[in-house]
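Just so it is clear, none of the values below were taken in a lab; they were calculated from the coordinates. Nothing here was measured: the structure is a model prediction, and the numbers come from that model. Glycine also receives a Cβ, built like all others from the backbone with ideal geometry; neighbour counts cover every protein chain displayed.
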Amino acid sequence: MTPTEFFNRCKNHDWYYDFSDDYRVWQRGTAARDELRRLIAEAGADRSVFQAIYDKWRDYMFNGPSWGTEKPPEPQPPQTYYMDGEKV
C-alpha cells in the first residue's frame, strides 16, 4: 500500500464510530480502525509516514469548535512518495 492509498483510507474512515448508538456501526468502525493500525504496523520503512498521516487525520477530526480547540487545516495527500523507505 502506498502512502496515498493509506491517506485515502484515513480520509474515508468513520472517525466518529465510537459515538454511535448502533453496535454494528461500532463493530465496523472498530474493525476499520484496527485495520488502519495493522497497516501502520506492517508498513515497514514507511511506518513513520503512515503514522504521521493517521495522526494528522485524527487531530483534524477531533479538534475544532465542537471540541473547544482550534481546527487544524485539513490534511493534504503526501507530495513525496516512498517505497520501502526510499523516495520514488
So for F50, F6, F19, F62, fewest C-beta neighbours within 10 Å to most, what's the order?
F19, F62, F6, F50
Determine, for Y16, Y23, Y60, Y54, the number of other Cβ atoms within 10 Å of each Cβ, and report the residues in order from fewest to most.
Y23, Y16, Y60, Y54
Longest DSSP-loop-exposure-free segment, GluC sites (Glu not before Pro), the chain, at most 16 other Cβ within 10 Å
1-41
Only counting other Cβ atoms within 10 Å, I'd like D21, D46, D55 sorted with the fewest neighbours first.
D21, D55, D46
Based solely on its DSSP helices, what 222 nm [θ] is calculated for the chain when runs of n ≥ 4 H residues each add -39,500 (n - 2.57) and the sum is averaged over all residues, nearest 500 deg cm²/dmol?
-16500 deg cm²/dmol
Grab the other residues whose beta carbon is less than 15 angstrom from that of S20, score K and R as +1, D and E as -1, and report the net.
-1
Prolate/oblate/rounded label for the range 3-87 (Cα gyration tensor, a/c 1.5):
oblate
